[in-house]
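Just so you know, all these numbers are worked out from the coordinates, no wet-lab data involved. The structure presented is a predicted model; accordingly, all values stated were derived computationally and were not measured. FYI the Cβ positions are ideal-geometry reconstructions off the backbone, even for glycines, and counts take in every protein chain you see.
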Amino acid sequence: MTAATDPVKLMKQKVGKAAADLVKSGSIVGLGTGSTTAFAIQYIGERLKSGELKDIVGVPTSFQAEVLAKEYGIPLTTLDAIDHIDIAIDGADEVDPQKNLIKGGGAAHTREKVVDYLADQFIVVVDGGKLVDRLGSVFAVPVEVIPMAVTPVMRAVAKLGGKPELRMGVKKAGPVITDQGNMVIDVKFDSIDDPVNLEKTLNNIPGVLENGIFVNCADRVLIGEVKDGQPVVR
Ligand code: 5RP
């Protein structure tokens with residue numbers, strides 16, 4: 001199978017394009033992080049280049065999103081220069097039926113949370129494999145922690161019933177370092193019954209900057225699926 005025929009890649013492309021098509025001229029756009037959102041950024045850039053879309057400005061949620069936006073010619077701004085975000089497009093690692101999310105597979109959930117919560121409209125782009133009945137079914141909750149607090153935070157999340165693991169980088173050469181210079185602890189819970197409270201409880205542990213549970217934030221979830229061998233979006 002080549003990249004051009006990989007059904008998962010084709011599905012991500014399709015869902016990214018569907019999200020990019022929702023962006024209107026004159027908008028301030030939150031640009032998410034991850035392989036699905038990367039396609040949305042690419043298509044927003046293509047719509048700008050063709051002249052179909054005009055006068056938009058992006059707010060990147062990570063260094064990765066910033067680099068991609070520059071590559072595809074999307075002008076960027078910062079939160080200091082604007083007073084609102086019209087639409088944000090971002091991926092997720094798990095989505096429950098209430099549109100609550102686990103994010104942070106790319107260690108970018110802290111900036112993503114700031115941007116996605118500020119948006120008037122937050123569009124989530126995922127493939128169907130990310131849908132779960134209950135958050136935590138498959139994915140661990142990423143928790144960004146300042147480096148000196150890694151050990152006490154690991155003890156504290158274990159007391160809450162989580163199984164913490166410090167996220168390591170490629171070839172386990174060292175811990176993953178976030179755009180803020182921090183580390184990420186992935187915390188696996190058997191089941192998350194109350195995501196609203198768990199989000200607050202985790203963020204109350206001293207040394208925690210932000211966790212990847214996003215509640216009451218997503219407005220719309222675009223889901224990519226493969227039907228009869230063809231990628232479709234619902
Ligand atoms: C990064 C994220 C990503 O949006 C999430 O991991 C989904 O990524 P992908 O579209 O590559 O599956 O939260 O921190």
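Compared with the dominant principal axis of the Cα atoms in the chain, helix 150-159 is inclined by about 80°.
Could you tell me which residue out of VAL157, VAL208, PRO147 lies farthest along the dipole of region 139-209 toward its positive end? Charges go on the beta carbon: Lys and Arg +1, Asp and Glu -1, centred on the Cα centre. Result: PRO147, furthest along the dipole toward the positive end.
Pick out which of ALA65, ALA92, ALA158 has the largest mean-square fluctuation in a Gaussian network model of the chain, springs linking Cα atoms closer than 10 Å. Checking each option, the largest mean-square fluctuation is seen for ALA158. Here region 75-144 and region 10-38 have alpha carbon centers that stand 13 Å from each other. Residues whose amide H comes within less than 5 Å of that of MET168, counting only those at least five positions distant or on another chain, are VAL176 (H built at 1.01 Å from N in the peptide plane). For the chain, the square roots of the Cα gyration tensor eigenvalues, ordered a ≥ b ≥ c, give a/c of at least 1.5 with a/b greater than b/c, which places it in the prolate category.
When the C-alpha to C-alpha distance is required to be over 21 Å, the pairs from LYS24/LYS99; LYS130/LYS171; LYS17/LYS227; LYS49/LYS130; LYS17/LYS54; LYS49/LYS227 that qualify are LYS24/LYS99; LYS130/LYS171; LYS49/LYS130; LYS49/LYS227.
Take the Cα of VAL233, step 7 Å toward its Cβ, do the same at ASP120, and the gap between the two points is 2.0 nm.
Taking all Cα pairs closer than 8 Å and separated by 6 or more residues, the relative contact order of region 139-209 comes to 46 percent. Springs between Cα atoms under 10 Å define the GNM used for the chain, and in it the highest mean-square fluctuation of GLU46, GLU112, GLU71 occurs at GLU71. Other residues whose C-beta falls under 15 angstrom from the C-beta of LYS172 contribute a net charge of 0, scoring Lys and Arg +1 and Asp and Glu -1.
Compute a Gaussian network model of the chain, connecting alpha carbons closer than 10 Å, and tell me which residue from LYS188, LYS159, LYS14 fluctuates the most. So, out of LYS188, LYS159, LYS14, the one fluctuating most is LYS159. Only helices enter this figure: runs of n ≥ 4 DSSP H residues, each worth -39500 (n - 2.57), summed and divided by the residues of the chain, yield -9000 deg cm²/dmol at 222 nm to the nearest 500. Dividing the mean sequence gap of close Cα pairs (under 8 Å, 6+ apart) by how many residues region 1-124 holds gives a relative contact order of 26 percent.
The DSSP beta bridges internal to the chain are antiparallel in roughly 55% of cases. Packing-based ranking of 146-154, 214-222 yields 214-222, 146-154, ordered from highest to lowest mean Cβ neighbour count within 10 Å.
What FRET efficiency, computed as 1/(1 + (r/R0)^6) with R0 = 25 Å and r the Cβ-Cβ distance, is obtained for VAL196 and SER50, rounded to the nearest 0.05? E between VAL196 and SER50, to the nearest 0.05, is 0.05.
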